[in-house]
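The structure appears right after this line, and notes come after that.
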Amino acid sequence: MSLEILYHAIKSEINSHFTATVATVHYLLIQHGFKCVALGEKPPEKVDTRLTDLLPPSWNENTYKCSLVYWSPSLEFYLFLKIFHMKEFALVHLLKNENVSMKDMDVQYSVYFSDDFSSFQSLFQRPNALLDVIDTQLIRPSLVPLKKEVAVQNLVKQEEEVISTPQTTSRPSNSATAVSLPCGRCDLDPLCPCTSGGASGMLFDPLRNFMHPPPPPPFLRPCPDNDNDPSRIPLGSVPPGARFDPIGPNQQDPRRTWEPDPDHLKMPSFNDRSNL
């Protein structure tokens, strides 16, 4: 919507330089996303969702003073506009609330208006210059600190909500320190299921790293019918979790990689400096 369109929408209500100034400031606030929600100095108890770009009824009844309340749906704060007629010019105030003024300026009637109210072109002598001076000297300098203040308030509100919200989920554990590595569990937990492929004692067997469980020992692998190896017994002969010693030495795998080998551990006198 342009200023000329707004002028034609309220042409019958513009009867002085003062009302033309009010319409111009109103147009710029609409361009910045504000909506006029009340006539006077008090904001409404509840903002109507059916917002309009037009001025409220009876806004031009007072020929010396006009007070309007604006609301920003995106920024969610009020802005208060007060314009006073001072014979040769209009004094424009933009307020943060009812009492705190942010910016003010004066609009000289003789510079921007004529005395011919018959059309937009005849009344507004320098419309672009008028829009530019009000926007740069009044509206923009007022909105920049307000937008920063609203952004800080929203950030503080979000932080308070995060602090006040109870944590319902447990903290994710690091995969490197997860409890899936039960080294030493059987020395502390009396209910630990100390199976051959599960938890272990304090000694960490390099062949039984918990990231890659070893295959079952040869004597517990499936035994072919024609296998005469005495160290291998049929499956199901050893209950799960039971301790079992092979019947005899393994003839097929002399390295015995399924059990800790003495070479896995350090020498008994490894830490004895007297032997160095």
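Just so you know, all these numbers are worked out from the coordinates, no wet-lab data involved. Keep in mind the model is a prediction, meaning the values are calculated, not measured. Cβ atoms come from the backbone with ideal geometry, glycine included; neighbour counts cover every protein chain shown.
Which of (1) over 22 Å from residue 136 (Cβ atoms); (2) among the hydroxyl-bearing types (Ser, Thr, Tyr); (3) assigned to a helix (DSSP H, G or I) does residue 78 not meet, given it meets every other one?
Of everything listed in (1) over 22 Å from residue 136 (Cβ atoms); (2) among the hydroxyl-bearing types (Ser, Thr, Tyr); (3) assigned to a helix (DSSP H, G or I), residue 78 misses just condition (3).
How many of the residues in segment 1-50 are of a type in the set (Ser, Thr, Tyr) and under 37 Å from the mean Cα position of the chain (by Cα)?
Matching residues across segment 1-50 total 3.
Taking into account only those residues within segment 2-37 that are assigned to a loop (DSSP other than H, G, I, E, B) and in contact with a strand residue (DSSP E or B) (Cβ under 6 Å, 6 or more places away or on another chain), which is nearest to residue 54 (Cα to Cα)?
Taking the candidates together, the pick is 34.
If you go through segment 38-57 one residue at a time, do you hit one that is out of contact with any strand residue (DSSP E or B) (no Cβ under 9 Å at 6 or more places or on another chain), part of a loop (DSSP other than H, G, I, E, B), in contact (Cβ under 8 Å) with a residue 12 or more places away in the chain and farther than 20 Å from residue 7 by Cβ?
Within segment 38-57 (the criterion being out of contact with any strand residue (DSSP E or B) (no Cβ under 9 Å at 6 or more places or on another chain), part of a loop (DSSP other than H, G, I, E, B), in contact (Cβ under 8 Å) with a residue 12 or more places away in the chain and farther than 20 Å from residue 7 by Cβ), the answer is no, since none of the residues qualifies.
Quick check on segment 58-75: of everything there that is assigned to a strand (DSSP E or B) and not hydroxyl-bearing (Ser, Thr, Tyr), which residue is nearest to residue 154 (Cα to Cα)?
Applying the filter and picking the extreme gives 71.
Would you point out which residue out of 103, 87 is part of a strand (DSSP E or B), without any contact (Cβ under 8 Å) to a residue 60 or more places away in the chain and basic (Lys, Arg)?
After applying the criteria, what remains is 103.
Among residues belonging to segment 113-167 that are among the small types (Gly, Ala, Ser) and more than 16 Å from the chain's Cα centre (by Cα), point out the one that is farthest from residue 15 (Cα to Cα).
142
Per-residue answers, yes or no, for (1) closer than 15 Å to residue 65 by Cα; (2) surrounded by fewer than 21 Cβ atoms within 10 Å (Cβ to Cβ):
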position: 2; (1), (2): no, yes
position: 5; (1), (2): no, yes
position: 11; (1), (2): no, yes
position: 16; (1), (2): yes, yes
position: 22; (1), (2): yes, no
position: 25; (1), (2): yes, no
position: 33; (1), (2): no, yes
position: 37; (1), (2): no, yes
position: 40; (1), (2): yes, yes
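Going through segment 106-123 one residue at a time, which ones are outside any loop (DSSP other than H, G, I, E, B) and surrounded by 15 or more Cβ atoms within 10 Å (Cβ to Cβ)?
107, 109, 112, 113, 120, 123
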